[in-house]
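Only the coordinates and a few stated rules stand behind these numbers; no lab work does. Predicted model only: the values in this text are computed from it and were never measured. Virtual Cβ from ideal backbone geometry, glycine too; neighbours counted across all protein chains shown.
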Amino acid sequence: MKTRALIPVLLGAAILGSPVLAAMARDSDHDHPSGATVAWQTERCNALQKQFDTAISSHTGAAKANQARTMRNAGEKLCTEGNHKGGIAKLEAALNDLGVKPRT
């Protein structure tokens with residue numbers, strides 16, 4: 001007798017819970033960028049590092065050259081650890097400290 005009453009309750013919970021679970025799965029996708037996004041961010045990190053390494057040789061006398069080097073190294077570390085957005089921001093800031101506009 002109790003089993004007959006329990007089946008409709010479980011069935012109803014499963015039906016009503018499905019949209020909620022689907023929405024949760026969709027929302028979690030925003031935390032994990034697609035492979036194409038990660039590839040682009042990795043390329044951007046590498047390009048900014050190369051741009052900085054080229055620019056520093058002609059900007060060693062810049063007022064913030066030492067600060068820029070520190071920022072560049074921090075940006076590289078963030079990129080290597082997978083925090084591409086943070087790394088890109090640091091690398092762009094390092095270039096700006098040298099007075100160099102980051103290439104797009």
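If a/c stays under 1.5 just call it rounded; otherwise compare a/b with b/c (prolate if a/b is bigger, oblate if not). Do that for the stretch 34-104, with a ≥ b ≥ c from the square roots of the Cα gyration tensor eigenvalues.
Here the stretch 34-104 falls in the prolate category.
Ranked by Cβ crowding within 10 angstrom, fewest neighbours first, how are Thr70, Thr37 ordered?
In order of increasing Cβ crowding within 10 Å: Thr37, Thr70.
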